[in-house]
Amino acid sequence: MKTVEWTRDELVAYILLFAANSDFKENNKERNIILSKVDIYTFQEIHDEFKNDNDYRGIQKILTSLKQHNYDKDDVELLMADIKTLFFSDGEFNIKERNMLKCLNRLFKAM
């Protein structure tokens with residue numbers, strides 16, 4: 001994938017949606033966390049795009065956009081903190097969410 005035409009907010013929304021769906025359900029608390037980071041228009045636009053992507057395409061888009069926006073170690077740490085907040089928002093941190101956190105952490109470090 002050569003380029004992804006996302007703003008930084010759109011990238012954050014997509015990554016948080018990707019994480020929120022790690023357990024195949026996206027609840028209102030998780031949506032509210034995402035909406036605290038981006039506006040409703042951005043959320044809805046990215047949500048529609050997310051629904052049409054498979055995991056492989058989503059990961060490719062994320063990696064491409066992270067590189068395009070020159071995410072560094074500090075940016076990734078902030079992003080990981082947001083992801084952790086998202087996972088704990090419903091008071092449960094299940095095995096699927098734990099595995100997603102590990103995978104995203106490895107993926108971001110491999111950039």
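Read-outs: derived from the displayed coordinates by stated rules, not from any lab. Please read these numbers as outputs of a predicted model, since none were measured by experiment. Positions of Cβ are generated from backbone atoms using ideal geometry, with glycine treated the same way; all protein chains shown enter the neighbour counts.
A few remarks follow.
- Only helices enter the 222 nm calculation for the chain: every DSSP H run of n ≥ 4 contributes -39,500 (n - 2.57), and dividing by all residues gives -23000 deg cm²/dmol, rounded to 500.
- Summed over all non-identical Cα pairs, the Kirkwood treatment of the range 8-109 gives a radius of 13.5 Å.
- Mean Cα-pair separation over length for the chain, i.e. relative contact order, pairs under 8 Å, 6 or more apart, %: 41 percent
- Förster radius 25 Å - calculated FRET efficiency between Asn32 and Tyr56, Cβ distance, rounded to 0.05: 0.30
- Formal net charge of residues neighbouring His69 (Cβ-Cβ distance under 11 Å; K, R +1; D, E -1): -2
- Lys, Arg +1 and Asp, Glu -1 on Cβ, resulting dipole of the chain about Cα centre, debye, nearest 20: 460 debye
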